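Participant: The structure follows.
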Amino acid sequence: MMGHQEPQKDLFSYRIDLDKRVRPDNPLRRIAEKIDFTFVREEVAKFYGKNGNESVDPVIILKMMFLLFYDDVASERELMKVIAERLDYMWFLGYGLDDEIPDHSVLSKARKRWGKEVFEGFFVRTIMQCVEAQLVDGGKIHVDSSLTDANASKDSVTKGPPELIAALKKAYQAQESKLEDTSTPEDYQAVNDRMVSTTDPDAAMTRKGVDSARPRYHHHRVVDDAHGVITAVITTPGSIAENKKLVEVVEQHAHNTRKEVRTVVADHKYGTTENYVAGQQAGWTTHMGDVLGKQDHTHKQSGIFPESAFIYNRQEDTYTCPAGQILRPRRVHWYKRTWEYCLPKKVCAACPLRAQCTRAAIYGRTIRRHEHQDLLDLARQQAHSSAARKDRKRRQAVMEQSFADAANNHGFKRSRWRRLWRQQIQDYLIAAIQNIRILLRRVGTGASAGAAALKIVPIEAVSTVFFILKTFARAIAQRMTARIPTASY
């Protein structure tokens with residue numbers, strides 16, 4: 001007999017248990033089991049008074065912000081609507097069916113009241129859990145950055161002289177402080193001097209590839225080599241180049257993980273003289289691409305003596321050229337921290353090897369030596385080693401996987417809110433969620449326990465396995481074909 005359901009609303013509901021309604025393998029169950037959100041009560045207690053109206057539980061607020069990025073819900077208004085429809089959300093938040101869902105403004109008020117430090121602490125706690133689960137090696141790390149589109153259009157950008165732009169930024173900061181009882185921190189570097197977005201003054205006009213310039217932020221990230229755990233993040237205006245934050249983001253990794261850094265892997269954009277020297281002084285093995293190796297100097301140096309042909313005399317602080325002449329220091333370039341060595345003009349002009357040494361029409365050959373040239377030479381030797389090339393190839397897969405996961409699943413490429421400190425909150429939450437997903441995927445019971453020992457598989461390893469399987473299948477096919485008798489007619 002076919003049944004028929006009467007769509008009639010029950011007058012009373014006494015037997016509904018959300019714990020039974022949420023399936024056992026729901027991801028939110030494991031998150032609630034493994035992640036402690038209650039720490040936030042102690043962290044934010046100083047922001048609340050003893051009298052007055054009772055606020056929404058800070059634990060619930062933090063969980064709501066977690067859900068906002070965990071499932072990439074379109075907006076906070078949308079989140080409040082979805083919570084009332086999803087039993088697993090209500091169970092995760094500790095709500096009952098008859099509890100009232102708060103207004104979306106609760107989240108914005110909490111962000112303003114708490115500040116970014118609470119969310120940074122949440123991110124650091126996920127790192128420590130991964131460290132305790134032995135998912136972080138800490139010795140070898142990968143560094144990269146990515147641009148995030150600000151919540152502002154190109155039409156909101158105003159151009160003008162530096163004095164006008166500085167006055168506008170100061171006015172917008174004062175206005176925000178008046179309206180929201182907060183202001184943008186003053187510890188970040190200056191952005192564009194001749195243009196400002198009236199919608200988000202903190203975002204800098206930045207070009208990305210072939211795209212036109214628009215307001216953007218720059219997200220700097222460290223990913224551990226073992227399992228892809230994110231161990232440090234720094235958010236700046238888009239105009240701050242990635243190489244300017246290398247030392248700071250690596251030091252943040254060491255502080256967050258309590259582990260010593262041995263090898264830093266990055267692309268050629270980080271391979272500047274300053275980063276090479278700083279890395280060697282810190283004791284790192286610098287497997288960073290050489291920015292000078294990407295510059296085309298072949299048309300200038302082909303057919304002439306390389307700098308390696310000039311021998312440095314450490315005791316006399318001079319260079320000996322291939323013709324046996326002595327190059328002495330002439331002047332120092334303070335900005336580049338280099339000394340310039342050369343010969344008198346008449347000596348070079350009379351040299352029989354001049355055509356093989358320089359193409360200068362009047363002056364002779366000039367050699368520049370950095371004040372830490374020995375460290376620079378060692379760093380470049382490490383950067384051009386086979387181990388460094390292998391690490392940079394692996395880094396490409398590790399970092400692209402981390403950024404792609406953040407963009408595809410958690411709305412990483414577009415700012416939800418405006419101003420730098422809010423963007424920092426967004427980046428902390430996304431990085432924390434990614435770490436939590438790694439933690440749950442690698443550590444567990446049953447089938448998940450075996451995955452705890454797995455690591456991110458390099459592209460070259462996958463290619464090798466695929467080649468072996470393909471060759472094996474081809475050999476079997478050839479053998480089977482040889483056994484099939486040929487038909488005769």
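The values are calculated or read from the model by the stated rules, or taken from the named source; none is laboratory data. Just so you know, these numbers come straight off a predicted model, no measurement behind them. Cβ coordinates were reconstructed from backbone atoms using ideal geometry, including for glycine residues, and neighbour counts include every protein chain displayed.
Participant: For residues in segment 376-405 being out of contact with any Lys or Arg (no Cβ under 9 Å at 6 or more places or on another chain) and among the polar types (S, T, N, Q), which is farthest from Met288 (Cα to Cα)?
Facilitator: Looking at residues that are out of contact with any Lys or Arg (no Cβ under 9 Å at 6 or more places or on another chain) and among the polar types (S, T, N, Q), I get Gln401.
Participant: Further, regarding this structure: Any idea which residue in segment 409-427 is farthest from Lys112 (Cα to Cα), counting only those that are under 15 Å from the mean Cα position of the chain (by Cα) and surrounded by fewer than 16 Cβ atoms within 10 Å (Cβ to Cβ)?
Facilitator: Among them, the one singled out is Lys413.
Participant: Regarding Leu164, is this residue surrounded by 12 or more Cβ atoms within 10 Å (Cβ to Cβ), part of a helix (DSSP H, G or I) and modelled with pLDDT under 65? If you could, list the steps in order and put the result at the bottom.
Facilitator: On the way: surrounded by 12 or more Cβ atoms within 10 Å (Cβ to Cβ): yes; part of a helix (DSSP H, G or I): yes; modelled with pLDDT under 65: yes.
The answer is yes for Leu164.
For (1) loosely packed, with under 15 Cβ neighbours inside 10 Å; (2) modelled with pLDDT of 95 or more; (3) in contact with a Leu (Cβ under 7 Å, 6 or more places away or on another chain); (4) not hydrophobic (A, V, I, L, M, F, W, C), each residue gets a yes or a no:
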position	(1), (2), (3), (4)
Gly3	yes, no, no, yes
Lys9	yes, no, no, yes
Thr38	yes, no, no, yes
Arg41	yes, no, no, yes
Ala45	yes, no, no, no
Gly49	yes, no, no, yes
Ser55	no, no, no, yes
Met64	no, yes, yes, no
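Participant: Separate question: Answer yes or no: is there a residue in segment 396-411 that is among the charged types (D, E, K, R) and either more than 25 Å from Glu76 (Cβ to Cβ) or not assigned by TED's automatic domain parsing to the domain that holds His220 (or both).
Facilitator: Restricting attention to segment 396-411, the residues satisfying the condition of being among the charged types (D, E, K, R) are 400, 405.
Filter once more, keeping what is either more than 25 Å from Glu76 (Cβ to Cβ) or not assigned by TED's automatic domain parsing to the domain that holds His220 (or both): 400.
Checked segment 396-411: at least one residue is among the charged types (D, E, K, R) and either more than 25 Å from Glu76 (Cβ to Cβ) or not assigned by TED's automatic domain parsing to the domain that holds His220 (or both).
Participant: Please verify whether Ile425 is of a type in the set (Val, Ile, Thr), part of a helix (DSSP H, G or I) and more than 26 Å from Thr272 (Cβ to Cβ), treating the condition exactly as stated.
Facilitator: Details: of a type in the set (Val, Ile, Thr): yes; part of a helix (DSSP H, G or I): yes; more than 26 Å from Thr272 (Cβ to Cβ): yes.
Spelling it out, Ile425 is indeed of a type in the set (Val, Ile, Thr), part of a helix (DSSP H, G or I) and more than 26 Å from Thr272 (Cβ to Cβ).
Participant: From the list Gln134, Gln129, which one is outside any helix (DSSP H, G or I), among the polar types (S, T, N, Q) and more than 30 Å from Gly209 (Cβ to Cβ)? It would help to see each step written out before you state the result.
Facilitator: Numbers: Gln129 fails: outside any helix (DSSP H, G or I).
So the residue among Gln134, Gln129 that is outside any helix (DSSP H, G or I), among the polar types (S, T, N, Q) and more than 30 Å from Gly209 (Cβ to Cβ) is Gln134.
Participant: Quick one: in segment 238-289, which of the residues that are out of contact with any strand residue (DSSP E or B) (no Cβ under 6 Å at 6 or more places or on another chain) and of a type in the set (Gly, Ala, Ser) is farthest from Leu135 (Cα to Cα)?
Facilitator: Ala241
Participant: Now for a separate question. When you scan segment 241-256, do you find a residue that is in a strand (DSSP E or B) and more than 14 Å from the chain's Cα centre (by Cα), even just one? I'd like the intermediate steps shown before the answer.
Facilitator: First pass over segment 241-256, keeping only residues in a strand (DSSP E or B): none.
Scanning segment 241-256, I find no residue that is in a strand (DSSP E or B) and more than 14 Å from the chain's Cα centre (by Cα), so the answer is no.
Participant: Would you confirm, using the coordinates I've provided, whether Ser146 is outside any strand (DSSP E or B) and polar (S, T, N, Q)? Walk me through how you get there before you give the answer.
Facilitator: Values: outside any strand (DSSP E or B): no; polar (S, T, N, Q): yes.
When the stated conditions are applied, Ser146 does not pass them.
Participant: Return the residues of segment 258-284 that are assigned to a strand (DSSP E or B) and buried (at least 22 other Cβ atoms within 10 Å of the Cβ); say none if nothing qualifies.
Facilitator: The initial filter retains those residues of segment 258-284 that are assigned to a strand (DSSP E or B), namely 263-266.
Correct list: Val264, Val265, Ala266.
Participant: What do you reckon, is His104 in contact (Cβ under 8 Å) with a residue 12 or more places away in the chain, in contact with a helix residue (DSSP H, G or I) (Cβ under 7 Å, 6 or more places away or on another chain), of a type outside the set (Phe, Trp, Tyr) and surrounded by fewer than 20 Cβ atoms within 10 Å (Cβ to Cβ)?
Facilitator: Values: in contact (Cβ under 8 Å) with a residue 12 or more places away in the chain: yes; in contact with a helix residue (DSSP H, G or I) (Cβ under 7 Å, 6 or more places away or on another chain): yes; of a type outside the set (Phe, Trp, Tyr): yes; surrounded by fewer than 20 Cβ atoms within 10 Å (Cβ to Cβ): yes.
Yes.
Participant: Quickly run through segment 200-240 and pick out the residues that are buried (at least 24 other Cβ atoms within 10 Å of the Cβ) and over 25 Å from Ala397 (Cα atoms).
Facilitator: Residues satisfying the conditions are Asp200, Pro201, Asp202, Ala203, Ala204, Pro215, Pro237.
Participant: Out of the residues in segment 16-34 that are of a type in the set (A, V, I, L, M) and either surrounded by fewer than 18 Cβ atoms within 10 Å (Cβ to Cβ) or farther than 21 Å from Val443 by Cβ (or both), state the one that is modelled with the highest pLDDT. Give the derivation first.
Facilitator: Keep residues of segment 16-34 that are of a type in the set (A, V, I, L, M), which gives 16, 18, 22, 28, 31-32.
Filter once more, keeping what is either surrounded by fewer than 18 Cβ atoms within 10 Å (Cβ to Cβ) or farther than 21 Å from Val443 by Cβ (or both): 16, 18, 22, 32.
Numbers: Ile16: 75, Leu18: 85, Val22: 91, Ala32: 94.
By that ranking, first place goes to Ala32.
Participant: I've got another one for you. For segment 333-361: of the residues being surrounded by 12 or more Cβ atoms within 10 Å (Cβ to Cβ) and in a strand (DSSP E or B), which is farthest from the chain's Cα centre (by Cα)?
Facilitator: Residue satisfying both the conditions and the ranking: Cys342.
Participant: Looking only at segment 384-395, decide whether some residue is modelled with pLDDT of 90 or more, of a type in the set (S, T, N, Q), closer than 30 Å to Val223 by Cβ and surrounded by 15 or more Cβ atoms within 10 Å (Cβ to Cβ).
Facilitator: no
Residue-wise test of (1) modelled with pLDDT of 95 or more; (2) hydrophobic (A, V, I, L, M, F, W, C); (3) touching a Leu at 6+ places or on another chain (Cβ under 6 Å); (4) in a loop (DSSP other than H, G, I, E, B).
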{"residue": "Thr199", "(1), (2), (3), (4)": "no, no, no, yes"}
{"residue": "Met205", "(1), (2), (3), (4)": "no, yes, no, no"}
{"residue": "Gly209", "(1), (2), (3), (4)": "no, no, no, yes"}
{"residue": "Thr231", "(1), (2), (3), (4)": "yes, no, no, no"}
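Participant: May I ask you to list the residues in segment 211-229 that are of a type outside the set (Gly, Ala, Ser) and either in a loop (DSSP other than H, G, I, E, B) or out of contact with any strand residue (DSSP E or B) (no Cβ under 6 Å at 6 or more places or on another chain) (or both)? Explain how you work it out, then say what you get.
Facilitator: Quick first cut of segment 211-229, residues of a type outside the set (Gly, Ala, Ser) only: 211, 214-225, 227, 229.
Asp211, Arg214, Asp225, His227, Val229 - these are the residues of segment 211-229 that are of a type outside the set (Gly, Ala, Ser) and either in a loop (DSSP other than H, G, I, E, B) or out of contact with any strand residue (DSSP E or B) (no Cβ under 6 Å at 6 or more places or on another chain) (or both).
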